Amino acid sequence: MASFRIRFRSKRCGRLADIRLPRGAPTSRRYKSLRRVRCGPVIRTGCSGDFTGRPQWARPDLARREPPVQLLGRRAEREAVDRLLAQARAGHSGALVVRGEAGMGKSALMEHARETAAAAGFRVEVSTGVESETQFAFAGVHQLCAPMLDRARELPEPQQDALAVAFGQRHGAAPENFLVGLAILNLLAEVTEDGPLLCLVDDAQWLDQASAQLLAFVARRLGAEPVALVFAVRDSPTNDDHPLTGLPELCLSRLGEVDARELLQAAVRAPLDDRVRDRIVAEARGNPLALLELPQAAPVAQLAGGFQIPEDALSVPRRVEDSFRRRSASLPADTRLLLLMAAAEPTGEAALLWRAATHLGMPHEAAAPAETSGLLEIRARVRFRHPLVRSAVYRAASPPDKRRVHGALAKATDPRTDPDRHAWHYAQSFSGPDEEAAAGLEHSAGRARARGGAAAAAAFLRHAAELTPDAAVRATRALEAAYASHSAGASDAALELLASAEAGPLDALQCARIELLRAQIAFHTTRGSEGATMLLDAARTLGPLDAALAREAYVQALEASFHAGRLSRGRGLREVAEAAAQEAPPPPTPPRPVDLLLDGLTTRFTHGYEASVPTLRLALEALCHDDAAPDEDNGRWLWLACHVSVMLWDDESFFALASGAVRNARETGALSALPAALNAMSVVLVLTGELSRAAELLSEDDEISRATGAPPLPNARFILAAWRGRQSEATALNVAVVADATRRGEGTTLGSSEVSMAYLHNGLGDYPAALASATPSWEHDDFPHSSSALPELVEAASRAGDLERAAGALEELSSRARASGTEFALGLAARSRALTTVGPDAEVHYCEAIERLARCRMATHLARAHLVYGEWLRRQGRRQDAREQLRTAHDLLSAMGAEAFAARAARELRATGEHPRKRTARPSDDLTAQELRIARLVATGATSREVAAQLFLSPRTIEAHLRNIFRKLDITSRRQLRELPLP
């Protein structure tokens, strides 16, 4: 007779033992929880574990010694995990997201990963997301890192401090989340000094927001470390925008019919009718857990002769959950209450569970039926057989029972050592409003915010508002919860909370703040012109209530109107500026930088460019001041200030603002702000002629955008492609950018795109196309792009023969340049004047342009001044003088990488009879943008650790890049690198 073998671990001695039973023979209650596992060969399926029900991969104390385990029907999946581990062991980090519905075998695959890694000498660390813990900031990542924190002392001090504050071990200013991420990245790298590391994160869909973001960041920034990260995520429509989205994925498919039948045969304890077996296999739909659990919910008689599963609309996981619920419902009352208490306490601390049970007068023996049934195991920690057991138990419980166990857990939780969990349990123990519970949650929100957990703060405040008995206080807390939700990026939740807050009663200022936040959300989510109208209305309401906040709101309204520009469908830029000029409260004394921005910008669009320059220059000086650079409020206006500096042709302030923003973002770990800063700095570097360095920063921007999940900003890439003369790349970017901007109603993006295309076409010598690109920004007086468009328009119009348009643009350019007074502005005006001047007087203007532009940072425009001067000299028949200017222009433009303008200079040189020298290839040309960035930093004397901190990588990854750099440059030391000329 066919038989099968069951392997189990003896409770008495802990040894493994086998029993062999005839196929189809009933097993005793003693082996009830073993129905999932059989040997000969060993087969393990979804949610597998030892006989107590605890997953083996979460049990380092029970590392298996038996032969390797086979996963039924999961060969390709096992091979994917094995490849990941082999790659990590070879020193190449990797991550894998295992996706599938509940019961599909994710836990079994995690166990396989753990066993394989342990056998290969890996250290294994585990974290498990819990649905009820999603509001505890950093809970998931703390669970993973806690066993490794003894290595934190090896980290740089800022990273040590960030970890300590985030994990609640130390008080301090809330760290930037991605500085915490960098600390975790380097902590894992430190741990791997002792050997390879495997990090397993189960139920990652239930990680708190901060933990999910940080672990996704770490997964994307690991490089040359022997680290493997495996995440198990339950499939759900709400997981589409999860931070882990975009990482390599392994989707668990359903078992095939052959494997399903084999698994079912191992699970059923009685003879099974063929028709019944077919029905079960069909109903389970290839879900392993369903195949194992659904038959247990049916009497043996039904299995033998008439097994029926109701044909309803429930999903397989829901049916399995119902099965767990029915099984738990058959347990004694005390056992059910203990199960509920374990389900309500996500930490899994057994001592805490028993303390709470004591408060309810519950004996320890109450746990025995739950353990015998295989639903629960209690040792040092409490483990459910499957997350569906937890959710089934909690959902099936009555509200009074839930409040009762939460009250006991609150009493068992020390408010001094774990105040947030105490406050949470205490709040859950009330059926109605309670001010004490609400106040506790409010304090927890403050602590979460101090650790940098905006999402956690919002969750605490939301619950606090629900429990608040006083209507006015409830509305206040709902309003603060809305602001916290918006800060955390949860705009929909913020709008719901605003609706709750509006139930009031609220004072006038609170009502105005509701209007302001709703306007900010509208602008944040659409970037369209409606945001400007809403922000202007909010600013007007705030005017008599909070002058400082009102002035900031007026600036935000102007900012929104700048974004909308010519595509505005509501109040236009000038209308907003006139309203701000007439209605904004007077500025404080002394004025803040934002106050100067407001006054200068309103003047710009009500009284003209020239009148606005003095005030705007004061604003830029204030924002560029060293004392102001680290100020968070000043950092909010970076986009606006950079655009003002472009409008004023103030190259010094543009450089100072952009470089200061990059420096501050790096020093504070503000990775969410770094891409915008890198984008601004890249534009500066393009205009200063350092195109290769701009490409390096954009490469870093790409890496960070992938790590944080943020879309890359296109404008700097567009400008770089245009100055490089890469027509196909720039044209493709233009099509995509224009379509996206038109859809969103962002007129300012259209202006930026048009200027970039004007750069491209003037470089290629296609002057009619350059004229067509530059004209709209001038005609619409786009902020700030009309200033950049004017010199391109003058050159294009003068070369295309449209002298009237060239003269009009030159008049506007000259007027603005005199008001600006910078060498950059005056140099552009002189170059443009030379282009439109007929006769020998043009040479004076060409020489003035070269002299002035040589005294500013914008080397690209200096090279172009040499180019147009050389072109003019050649047309005057002065070949020798022309060669000198064209040779200078060609050398400068070639070294910069401005290929189209360099080619234009080369054509002119050949027309004088001279063949331009070809650029000599350099070894550094083989370096990638990131390698060139690392080489440049190391060449300055920076250590690998310092470079790693600046680039948000690990020191080991930097060392791996250095080995590639040394190989490509044919050198062997950092000293040799410092001696090489790098572009």
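The values are calculated or read from the model by the stated rules, or taken from the named source; none is laboratory data. For clarity, every value in this text was computed on a predicted model and none was experimentally measured. Don't worry about glycine lacking a Cβ; one is built from the backbone with ideal geometry, like all the others, and counts go over all protein chains shown.
Taken over the stretch 940-983, the residue count meeting the criterion of being out of contact with any Ser or Thr (no Cβ under 6 Å at 6 or more places or on another chain), touching a residue at least 60 places away in the same chain (Cβ under 8 Å) and either closer than 20 Å to Val191 by Cα or small (Gly, Ala, Ser) (or both) is 8.
Mind listing whichever residues of the stretch 741-766 are without any contact (Cβ under 8 Å) to a residue 12 or more places away in the chain and touching a helix residue (DSSP H, G or I) at 6+ places or on another chain (Cβ under 9 Å)? Step through it out loud before you land on a result.
Looking only at the stretch 741-766, we keep the residues that are without any contact (Cβ under 8 Å) to a residue 12 or more places away in the chain, and these are 743, 766.
Asp766 - this is the single residue of the stretch 741-766 that is without any contact (Cβ under 8 Å) to a residue 12 or more places away in the chain and touching a helix residue (DSSP H, G or I) at 6+ places or on another chain (Cβ under 9 Å).
For Thr525, the conditions (1) closer than 24 Å to Leu461 by Cα; (2) at pLDDT 90 or above; (3) assigned to a helix (DSSP H, G or I) are fulfilled apart from (2). Among the residues of the stretch 384-399, those that are modelled with pLDDT of 80 or more and touching a helix residue (DSSP H, G or I) at 6+ places or on another chain (Cβ under 7 Å) comprise Val393, Tyr394, Ala396, Ala397.
Residue-by-condition table, conditions (1) in contact (Cβ under 8 Å) with a residue 60 or more places away in the chain; (2) under 20 Å from Pro768 (Cβ atoms); (3) of a type in the set (Lys, Arg):
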{"residue": "Val794", "(1), (2), (3)": "no, yes, no"}
{"residue": "Arg799", "(1), (2), (3)": "no, yes, yes"}
{"residue": "Leu803", "(1), (2), (3)": "no, yes, no"}
{"residue": "Phe824", "(1), (2), (3)": "yes, no, no"}
{"residue": "Val838", "(1), (2), (3)": "no, no, no"}
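Any residue in the stretch 412-425 that is β-branched (Val, Ile, Thr) and in contact (Cβ under 8 Å) with a residue 60 or more places away in the chain? The answer is yes, given that some residue of the stretch 412-425 is β-branched (Val, Ile, Thr) and in contact (Cβ under 8 Å) with a residue 60 or more places away in the chain.
Kindly indicate whether any position in the stretch 545-562 is assigned to a loop (DSSP other than H, G, I, E, B) and within 30 Å of the chain's Cα centre (by Cα).
Let us first name the residues in the stretch 545-562 that are assigned to a loop (DSSP other than H, G, I, E, B), namely 545-546.
Filter once more, so that each one left must be within 30 Å of the chain's Cα centre (by Cα): none.
No, every residue in the stretch 545-562 fails to be assigned to a loop (DSSP other than H, G, I, E, B) and within 30 Å of the chain's Cα centre (by Cα).
If you go through the stretch 400-410 one residue at a time, do you hit one that is surrounded by fewer than 22 Cβ atoms within 10 Å (Cβ to Cβ) and either under 26 Å from Met110 (Cβ atoms) or of a type in the set (Ser, Thr, Tyr) (or both)? Looking for residues that are surrounded by fewer than 22 Cβ atoms within 10 Å (Cβ to Cβ) and either under 26 Å from Met110 (Cβ atoms) or of a type in the set (Ser, Thr, Tyr) (or both), one finds none in the stretch 400-410, hence no. If you go through the stretch 586-603 and keep only what is surrounded by fewer than 18 Cβ atoms within 10 Å (Cβ to Cβ) and touching a residue at least 40 places away in the same chain (Cβ under 8 Å), you end up with just Pro588.
May I ask you to list the residues in the stretch 884-915 that are hydrophobic (A, V, I, L, M, F, W, C) and farther than 22 Å from Leu720 by Cα? Break it down into steps so the answer makes sense when it comes.
Filtering the stretch 884-915 for residues hydrophobic (A, V, I, L, M, F, W, C) gives 886, 889, 892-893, 895-896, 898, 900-903, 905-906, 909, 911.
Within the stretch 884-915, Leu886, Leu909, Ala911 qualify.
Tell me which residues, restricted to the stretch 857-916, are over 41 Å from the mean Cα position of the chain (by Cα), within 26 Å of Glu823 (Cα to Cα), of a type in the set (Asp, Glu) and surrounded by fewer than 21 Cβ atoms within 10 Å (Cβ to Cβ). Correct list: Asp881, Glu884, Asp891. In the stretch 778-786 there is no residue matching the filter, namely being modelled with pLDDT of 95 or more and among the polar types (S, T, N, Q). Counting only residues that are closer than 20 Å to Gly195 by Cβ, of a type in the set (S, T, N, Q) and outside any loop (DSSP other than H, G, I, E, B), the stretch 87-119 holds 2 of them. For the stretch 911-928, check the following and say yes or no: at least one residue is in contact (Cβ under 8 Å) with a residue 24 or more places away in the chain, within 22 Å of Arg887 (Cβ to Cβ), among the small types (Gly, Ala, Ser) and assigned to a helix (DSSP H, G or I). Yes.
Would you say Ser832 is crowded, with 19+ Cβ neighbours inside 10 Å and either free of Cβ contacts under 8 Å to residues at least 40 places away in the same chain or under 36 Å from the mean Cα position of the chain (by Cα) (or both)? Even if it seems obvious, please write down each step before you answer.
Values: crowded, with 19+ Cβ neighbours inside 10 Å: yes; either free of Cβ contacts under 8 Å to residues at least 40 places away in the same chain or under 36 Å from the mean Cα position of the chain (by Cα) (or both): no.
It is false that Ser832 is crowded, with 19+ Cβ neighbours inside 10 Å and either free of Cβ contacts under 8 Å to residues at least 40 places away in the same chain or under 36 Å from the mean Cα position of the chain (by Cα) (or both).
Only one of the numbered conditions (1) farther than 27 Å from Arg474 by Cβ; (2) β-branched (Val, Ile, Thr); (3) out of contact with any Asp or Glu (no Cβ under 7 Å at 6 or more places or on another chain) is not met by Thr525, and that is (1). The test for being farther than 21 Å from Pro400 by Cα, modelled with pLDDT of 85 or more and out of contact with any helix residue (DSSP H, G or I) (no Cβ under 7 Å at 6 or more places or on another chain) does not hold for Ala313. Val393 meets the stated requirement of being more than 34 Å from the chain's Cα centre (by Cα), assigned to a helix (DSSP H, G or I) and of a type in the set (Val, Ile, Thr).
Hey, does the stretch 502-511 have a residue that's surrounded by 22 or more Cβ atoms within 10 Å (Cβ to Cβ), touching a helix residue (DSSP H, G or I) at 6+ places or on another chain (Cβ under 8 Å) and at pLDDT 90 or above? Talk me through it step by step, then tell me what you get.
Within the stretch 502-511, the subset surrounded by 22 or more Cβ atoms within 10 Å (Cβ to Cβ) is none.
No.
Put simply, of Glu632, Glu703 the only residue that is modelled with pLDDT under 90, surrounded by fewer than 22 Cβ atoms within 10 Å (Cβ to Cβ), closer than 24 Å to Ala173 by Cα and of a type outside the set (Lys, Arg) is Glu632.
One line per residue, one yes/no per condition, for (1) crowded, with 20+ Cβ neighbours inside 10 Å; (2) aromatic (Phe, Trp, Tyr); (3) touching a Pro at 6+ places or on another chain (Cβ under 9 Å):
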{"site": "Gly121", "(1), (2), (3)": "no, no, yes"}
{"site": "Ser127", "(1), (2), (3)": "yes, no, no"}
{"site": "Ala139", "(1), (2), (3)": "yes, no, yes"}
{"site": "Pro147", "(1), (2), (3)": "no, no, no"}
{"site": "Arg151", "(1), (2), (3)": "no, no, no"}
{"site": "Glu154", "(1), (2), (3)": "no, no, no"}
{"site": "Leu163", "(1), (2), (3)": "yes, no, yes"}
{"site": "Phe167", "(1), (2), (3)": "no, yes, no"}
{"site": "Ala174", "(1), (2), (3)": "no, no, no"}
